[in-house]
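Only one structure is covered here, and it is reproduced in the block below.
Bear in mind that the values in this text are calculations on the coordinates, not laboratory data. Predicted, not measured: the structure shown is a model, and the values here were computed from it. For neighbour counting, all protein chains shown are included, and Cβ atoms are generated from backbone atoms with ideal geometry for every residue, glycine included.
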Amino acid sequence: MQVAFHLGAPCSGQNALYASLQRSRDILASHSVAIADAGEPLKAAGTLTSDALRLRKLREEGVRRVLVCESCSQELPGFSSQPLGDGLLYPLAGPQAEMLAMLCPEDVEIEFHVAVRSPATLLPTLICRGDAAASALAGDPRAMAGLSWADVIQRLRQAAPRAMVVVWCDEDMPLIWPEVVERVAGVSGTGDTGFLDRLSPLLTEDGLDRLRLYLSTHPPRDAEQRRSVVSSFLTRFGRPEAIEMELDLPGWTPESVAAISDAYDADMERIAAMENVELIQP
């Protein structure tokens, strides 16, 4: 049996991903894949014994894979609980991963699915949400450049070494949505669900209609061609205000933003080279 935890991070399309999986629930069920329900999820607030019994019951029902999204339960310790602390991104990532791994018997395969975002866009979003730690850090671009997603993933790996970690950049989601959905679901053919919904905030209404018509009359032969088509439509019909986030915080300069972006790119290279870590890229 496999248990796949989708952990976030905030503002990375986790609700859209969960909604897409829900729309494919019948297809998933036909492949013995179950989505944890909000009413009866695996949750860290439960006892290890009760959760082990829940998994055993699902296994006896023939379920081979269980999907547990942060959106299914307020009690699942995903990344949203403490995005920043002690100068680190998600300081509780390690303990949370260890807790989730303890929910699963040793013979259960565990996957952690993690969407990441550049600190240059993540922090302004957290500040808008009233995050005090983000506001305090925003005035120090050098410290922001030191925020490392690679360190977060490394802490996940150290806390739960038997788990596979699957990572993708939220910035890439318009191009890799089907691959991400299918990887989380563990079932091919589920990735088209919600694909255009994910693109709708980024395209003008006319552009979205044109893309829908084009894809119906010119089905892409593979993922590479689909990405090329989507890139072209985003260039021609994209909403600038939705695609380009204005970064205007005190003390920020084009040079400091570039340093944060360069550090983020270097982080992705480190993550791609990690053992038992899969990075989904365009």
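Laid out as a table, the results:
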| read-out | value |
| --- | --- |
| Which of Ser231, Ser188 has the fewest Cβ neighbours within 10 Å, and the rest in rising order | Ser188, Ser231 |
| Where labels lie 7 Å past Cα in the beta-carbon direction, separation of Glu98 and Ala19 in nm | 3.7 nm |
| Percentage relative contact order, region 128-282, counting C-alpha pairs under 8 Å, at least six apart | 43 percent |
| Mean Cβ count within 10 Å, highest first, over the residues of peptides 265-274, 92-101, 195-204, 116-125 | 116-125, 92-101, 195-204, 265-274 |
| Fully extended contour minus Cα-Cα distance, from Glu171 to Ser231, at 0.36 nm per residue | 20.3 nm |
| Karplus 3J(HN,Hα) series, Hz, for region 14-23 with 6.51 cos²θ - 1.76 cosθ + 1.60 (x for Gly, Pro) | 5, 5, 5, 5, 4, 5, 5, 5, 5, 5 |
